[in-house]
Amino acid sequence: MPRQTGKSTTVVSYLLHYALFNDSVNIGILANKASTARELLGRLSTAYENLPKWMQQGILVWNKGNIELENGSKILAASTSASAVRGMSFNILFLDEFAFVPNHVAEQFFASVYPTITSGKSTKVIIISTPNGMNHFYKMWEDARRGKNDYTTNEVHWSQVPGRDEEWKKREIANLGSEEAFNQQYGCQFLSASSLLLSSEELTRLEKDEKEFIFHEIDPLDDLCLDYSALTWDPEFDIEEIENPDTFFTFAIDLAEGVGRDHTVINMFKVEAMDDKDIDRLNSPGSLIDLFRLTQVGVFRSNLHNLEDFSKILYTLCVKFFDQENLRLIIEYNTYGSELIKNLVTLYPNSNDFDEETIVRYHHRVGARTKSPGIRINKDNKVLYCEKLKNLISNGQLILKDKRTISEARMFSRNSNGTYSAQSGNDDIMMTCVTTSSFFDTLDFSEIIEEYFDTLETTKQKRMDGLLDSDGNSDSLYDMFG
C-alpha cells in the first residue's frame, strides 16, 4: 500500500478492538525498528484513552513497550527479530513495513516465531508495507497473488485516497524529486519506474482484465497421445471461433530445451478491429493498421516437452485445428527455432501438409536482400521491439489477458546490459510478446488486415475510412495495400 493511506492506523484500531473483546489473547506489534513499533503502540494507547469508560478494560501494565488489560489480553511492541519474541505465542502478529526488514532477519524471525502462530486455529498474521525491492516481502506478495501460500492480498492505489488526483501527483513528484521516487512510495512498485518497461498505470489497466486461462480438450491433440495440458485458453474466448473462415490468428513461439529450465511458449493472438472507444483515444492514426489489434486468447507454456513432441503439437494445431491460410507463425530463429522449422516440414514425410508460407519472414542480418523464415533477436533490435511493445500496449493494440503473462510483465525491466529481461523469475511469455510487436510492421499483417477489413460491417468500414480521411490520411488505406 502507498504511504499515508491510514493502513497502520486501521490495523491498530482492529487490534485494540480484538484485545478489548477477547479474553486472554496475545498481540504482537512488530516493525523494522523498535521505535516504530512503540509509536504504533502509542497510537493504540491514545485510541484506548479516547474510548468511553464503559468500553475500557482495567489496566494491569501500561508502558511504552507493553500493555496488559484486566481481561488477560496483552499487547507487545518490539522490533521484528527472532530474539525479541522468542518463546512467546501470539493470537495476532502485526508486521509493519515488513519489506524494510533485512532478508536474513526476516528468515530467522519466521523460522523462530511462525510455528507458534500456525499451531492455533484462529491465529492471524497481518503484514503491511510499501515495496522495497525484490526481497522476502516481494516473494510473499507474489506467492499470495498466485495462490501459492495462505495469505490474502489487498492493494490500495494512490488515486483511491480522497483528495489525491493528477494535480496532487504532479506536486508530489516535484517534492520527491522524481517519478521513480513517487512510484516507489505511492505507486506500490517493487521496481523503479525508470527500469520497468510498462508504467504502473499500464500494468494496472492490464490487471483489471487478467484471467486464469483454462484447459480445453482438443480432439486432434488427443490423437497424438501427448500431454498438452500446458495449453490454456482465455475463458471468455469461444474456441469454436477458430472454425470461422473470417477469423485470423498469429502465434509467437519461443523455444527452450524442455529439460525443466526455460519454457517453450506459444503465445496465441486473435486479430480484431479496435473498439470505437479505443479508436477515439488514438492520436492521428497513420494508416488502417493502427485501427486493429491483437488480443491474447491462448498460451502454451512448458519446460518439459522436448523439441520433437512440441513440433508435433504445433504441427497439429496449425494443420488440423487452425486454418493455415488465416494463421501466421512468428518463430524466434535461434538454435531450437531453426530445428523447429525443419521439423514442421519433415515430421510426416509421406503426408506433410504444413505450409511454410505460414511462417513470417524477416531479414536475418543488416543489409540482407532476402527475407528468411523466423526472426532473429539481438541486443539492438530487442530494445526497439520492447519499446514498440510498450507503445502497442499503451495504445490498446496489443491486449494481454493471461495472468501469468501479466505477472511476468510486472518484473520485465531494463537490466545492466541495457536490454530488457525478468528481474525475477521467467520472461519466456513476455519475450513472445516482444517478438509479436514485430508483426505489426510486416507485409503479412497488412495482408491479413486487408482481408479482415472486407469482412467488417459497412458502418465500421465507413467509420475507419472517415477517421483516416479526417486526419489527412485518406490515401493510407490504399497505400498500405498497394
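The values are calculated or read from the model by the stated rules, or taken from the named source; none is laboratory data. All of these numbers come straight from a predicted model, not from anything done at the bench. Cβ: placed from backbone, ideal geometry, glycine included. Neighbour counts: every protein chain shown. We work out accessible area using only protein heavy atoms, side chains counted, and drop any ligands, DNA or RNA first. Shrake-Rupley method; radii C 1.70, N 1.55, O 1.52, S 1.80 Å.
Total residues in the range 342-365 satisfying the condition of being farther than 17 Å from Phe251 by Cα and outside any helix (DSSP H, G or I): the figure is 10. Could you list all residues from the range 12-24 that are open to solvent by 10 Å² or more (accessible area, probe 1.4 Å) and in contact with a Phe, Trp or Tyr (Cβ under 7 Å, 6 or more places away or on another chain)? Hit for the range 12-24 is Leu16, nothing else.
Of all residues in the range 72-111, which are part of a loop (DSSP other than H, G, I, E, B), closer than 12 Å to Leu30 by Cβ and either under 26 Å from the mean Cα position of the chain (by Cα) or at pLDDT 90 or above (or both)? Within the range 72-111, Glu97, Val101 qualify. Per the listing Glu49, Glu70, Glu107, Glu97, the residue uniquely surrounded by 19 or more Cβ atoms within 10 Å (Cβ to Cβ) and of a type in the set (D, E, K, R) is Glu97.
Taking the stated definitions as given, is Leu389 modelled with pLDDT of 95 or more, of a type outside the set (Ser, Thr, Tyr) and either within 25 Å of Gly337 (Cα to Cα) or assigned to a helix (DSSP H, G or I) (or both)? So Leu389 fits the description; yes. Filtering the range 360-373 for residues that are of a type in the set (Gly, Ala, Ser) and within 24 Å of Asp227 (Cβ to Cβ) leaves an empty set.
So how many residues does the range 39-71 have that are in a helix (DSSP H, G or I), of a type in the set (Phe, Trp, Tyr) and more than 44 Å from the chain's Cα centre (by Cα)?
1
The single condition among (1) modelled with pLDDT under 90; (2) open to solvent by 20 Å² or more (accessible area, probe 1.4 Å) that Met274 does not satisfy is (2). Per the listing Leu467, Leu456, the residue uniquely farther than 30 Å from Asp262 by Cβ, surrounded by fewer than 17 Cβ atoms within 10 Å (Cβ to Cβ) and touching a residue at least 12 places away in the same chain (Cβ under 8 Å) is Leu456.
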